[in-house]
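Taken together, the values in this text are just the output of simple stated rules run on the coordinates, not laboratory data. Given the structure is predicted, the values throughout are model-derived calculations rather than measurements. Please note: Cβ atoms are built from the backbone with ideal geometry, for glycine as well, and neighbour counts cover all protein chains shown.
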Amino acid sequence: MSIRSQMLLAAGAVAGVLALAPASAQDAVKIGLILPMTGGQASTGKQIDNAVKLYMQQNGDTVAGRKIEIILKDDAAVPDNTKRLAQELIVNDKVNFIAGFGVTPAALAAAPLATQGKIPQIVMAAGTSIITERSPYIVRTSFTLAQSSTIIGDWAAKNGIKKVATLTSDYAPGNDALNFFRQNFTAGGGEIVEEVKVPLANPDFAPFLQRMKDSKPDAVFVFVPAGQGGNFMKQYAERGLDKSGIKVIGPGDVMDDDLLNGMGDAALGTVTAHLYSTAHPSAANKEFVAAYKKAFNSRPGFMAVGGYDGIRLIYEALKKTGGKTDGDALIEAMKGMKWESPRGPISIDPETRDIVQNIYIRKVEKVDGELYNVEFATFEAVKDSGKTKK
Amino acid sequence: MTTLFTILFDGVAYGMLLFVLACGLAVTLGLMNFVNLAHGAFAMTGGYVCAVLVNNSGWPFFAALPLAFVSSALIGVVLERSLYRHLYTRSHLDQVLFSIGLTFMSVASVDYIMGSSRIFIKLPSALEGQFDFFGVGIGRYRLMIIVICGLLTVALQLILAKTRFGSRLRAAVDDPRAASGLGINVPQVFAFTFAFGCGLAGLGGALSAEILGLDPYFPLKFMIYFLIVVTVGGSSSITGPFLASLLLGIGDVAGKYYVPKLGPFVIYTIMIVILIWRPNGLFGRAATR
């Protein structure tokens, strides 16, 4: 047999299996969880994995008479891996859901497979607006950068901040954050005096910070990938920007609860807008935080909440379909679903399949010797404003 | 005007840091003609040793710095004796493959042991913040880097040029056969030099945690900077890499300040221009090998 015809056969087999996959609904419901468990994004993966485990411990591993089985795969946040793993999960393991996705490129890489296989894809972390437009089978339980960036823009304009210098990492989420902030902040009468995009792999913030300092703004709007937030805050304090009265504002990713304590007192007073704080004062959250701390000996951050709500969404959808795993029925079941999450009340927008949630304005304060984002204002039921199709 | 001096100061501090990190590589590559891409791994080791000692065991920062040097040097000498020396006579490709493999192994093992998130070293409060010197903002930590690295550079130059060990090393490099004929223990000299270079990298890693950030990907992220320093500086002495580090440090900081849109490219532009002008680097000797 020639190589060519072998390849044709193989392709045929793959297509055949893809078409059959959703129909093979027998015993267990399988969820393929694709997360970055190694590499620079590993903390995201670990948080989501922990949260999923926690939810299953609390709620049992059987829904609507069917056992839930999680298959965890590590893509190290490399989109090529994500695509390969998603394909293997759908074709070989015949999973009924794919879930996880630590970064935007990873979520986008798996989107065509979700469409082809008619498999619901639950995005538990990645935050660029366009993701849910890439497949009718994508539902998101994390957040979009537009949600928090527009809100902090509005808030800053209304709260006496007139001039802002921005420092954002030069990649898709950074640009999203910058654009949505700029749009709402300038519409509210604010002025952007300095706009700096720093390279993603940036060793030293010193020159950029010096530029910020010299432009004498009221506040610095900052978005850098989670791991770099600590470096930024340290150098911000080193350069004396805190003493010259320049505030730090931004979407809450920079002040991830996971890393906040390592940043030291330099982070005190930072005002960010975000969907979740470990210090969120609700009974549901207190219970969640206590259980998470007990099980994993660390604080849950917003990534953990995205995972916790993601697995909950899967459970609830299965309850609604009575354990049937038909992709279209599951997506229908998820649309418009509402519940009380540790982060507050949330729902799935029936039109965009994206999350609708409260966005909180928080300030970093010291509570019992630890740093927390303490919420002081709430914007209710914020939808994603970043969709290209209106 | 004062901003200019602040930028210059930051640039010099950054350059000095690059020099301490990379000069070990200049020694192994230039003097011993061995391509060691795992150099960053030794720097990372030093950084993590310092971080664990300071954060977990409560050592003072200045006591942990020498330990960072010693531990990296020890690991260096063990690896040199057990692995590296077998590759001295092999082709550069073999050396590259070997050392890049070692780098990946170091990344994976540190990730496994220490976790993948970025860590910081708790600094004494005397080193934090900035003070004003005639209107020029001087960062305390950066000033310390300049002092330590400046002293090291002078000491290195003196050791190489004035001491018996320095002349032995230069002899061993120029003609190993003749040198061993004169009774110089060439392998021992090489092992010592290699360890010393690793130790310097370890010290650099500990010093750089505050400014560059320390995570398991350190060796891969900064490999390119080390190589730029060595190629631009030329690898025949340590004066070359020293000047190259300063030039790149100041160029990088000034570029990012004055033309932030082009910022990250400045360092590469400088490299390309210099290499077109002098293909062997600033102080390279014209292809003697």
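Structure notes:
- Residue exposure sequence - B:Thr103, A:Thr144, B:Thr269, A:Thr104 - by fewest surrounding Cβ within 10 Å: B:Thr269, B:Thr103, A:Thr104, A:Thr144
- Degrees separating the helix A:79-91 axis from the principal Cα axis of chain A, which is the longest one: 30 degrees
- Sequence ranges A:182-188, A:310-316, ranked by mean other-Cβ count within 10 angstrom, highest first: A:310-316, A:182-188
- Between the alpha-carbon centres of segment B:145-169 and segment B:175-237 there is a gap of 14 Å.
- Other protein chain C-beta atoms within 10 Å of residue C-beta, averaged over B:241-249: 0.
- Over chain A, relative contact order from alpha-carbon pairs under 8 Å, at least 6 apart, %: 17 percent
- Averaged over A:255-262, number of beta-carbon atoms from partner chains that fall within 10 Å: 1
- Taking the number of Cβ atoms within 10 Å of each Cβ as an exposure proxy, the fewest-first ranking of A:Asp256, A:Asp326 is A:Asp326, A:Asp256.
- Between the helical axis of B:164-174 and the longest alpha-carbon principal axis of chain B there is an angle of about 70 degrees.
- Antiparallel bridges, percent of DSSP beta bridges restricted to chain A (to nearest 5): 40 percent
- Looking at the protein assembly as shown, the DSSP beta bridges with both ends there are about 45 percent antiparallel.
- Segment A:83-192: relative contact order as a whole-number percent, Cα under 8 Å and 6+ apart: 20 percent
- Pairwise label distance in nanometres, B:Ala63 with B:Arg90, each label 7 Å out on the Cα-Cβ vector: 4.2 nm
- For segment A:324-341, backbone phi angles converted through the Karplus equation (6.51, -1.76, 1.60; θ = phi - 60°) give residue-by-residue couplings of 6, 10, 5, x, 5, 5, 5, 5, 4, 5, 6, 4, x, 5, 10, 7, 9, 9 Hz, Gly and Pro being listed as x.
- 0 to 90° range, to nearest 10: angle between helix B:186-212 axis and chain B longest Cα axis: 10 degrees
- Taking A:Asp257, A:Asp328 and counting other C-beta atoms within 10 Å, the order from fewest to most: A:Asp328, A:Asp257
- For the segment B:116-123, counting C-beta atoms of other chains within 10 Å of every residue's C-beta and taking the mean gives 6.
- Around the amide H of A:Val63, modelled in the peptide plane, lie the amide H atoms of A:Ile68, all under 5 Å away and 5 or more residues distant in sequence or on another chain.
- Percentage, to the nearest whole number, of Cα pairs in segment B:50-115 over 18 Å apart: 55 percent
- Contact order for chain B, expressed relative to its length and based on alpha carbon pairs under 8 Å spaced 6+ residues apart, stands at 37 percent.
- Viscosity 1.567 mPa s, temperature 4 °C, Stokes-Einstein D of the protein assembly as shown from Kirkwood C-alpha radius, µm²/s: 48 µm²/s
- The number of Lys pairs in segment A:320-390 with C-alpha atoms less than 22 Å apart, excluding pairs fewer than 8 positions apart on the same chain, is 10.
- Working note: Karplus 6.51/-1.76/1.60 with θ = phi - 60° gives segment A:241-247 the couplings 5, 5, 6, 7, x, 8, 7 Hz, where Gly and Pro are set to x.
- Lysine pairs in segment A:198-296 whose alpha-carbon atoms fall under 24 angstrom of each other, counting only those eight or more residues apart or on distinct chains, come to 9.
- Within segment B:49-207, the percentage of alpha carbon pairs spaced more than 29 angstrom apart rounds to 35%.
- Estimated translational D of segment A:303-388 in µm²/s (Stokes, Kirkwood radius over Cα pairs; 10 °C; 1.306 mPa s): 108 µm²/s
- Computed over chain B with a Gaussian network model linking Cα atoms closer than 10 Å, the most mobile of B:Val230, B:Val54, B:Val20 is B:Val54.
- Residues whose amide H falls under 5 Å from that of A:Leu72, counting only those 5 or more places apart or on a different chain, are A:Leu33, with hydrogens built in the peptide plane.
- When the Cα atoms of segment B:1-89 are aligned to their principal axes, the ranges along those axes come out at 54, 36, 15 Å in descending order.
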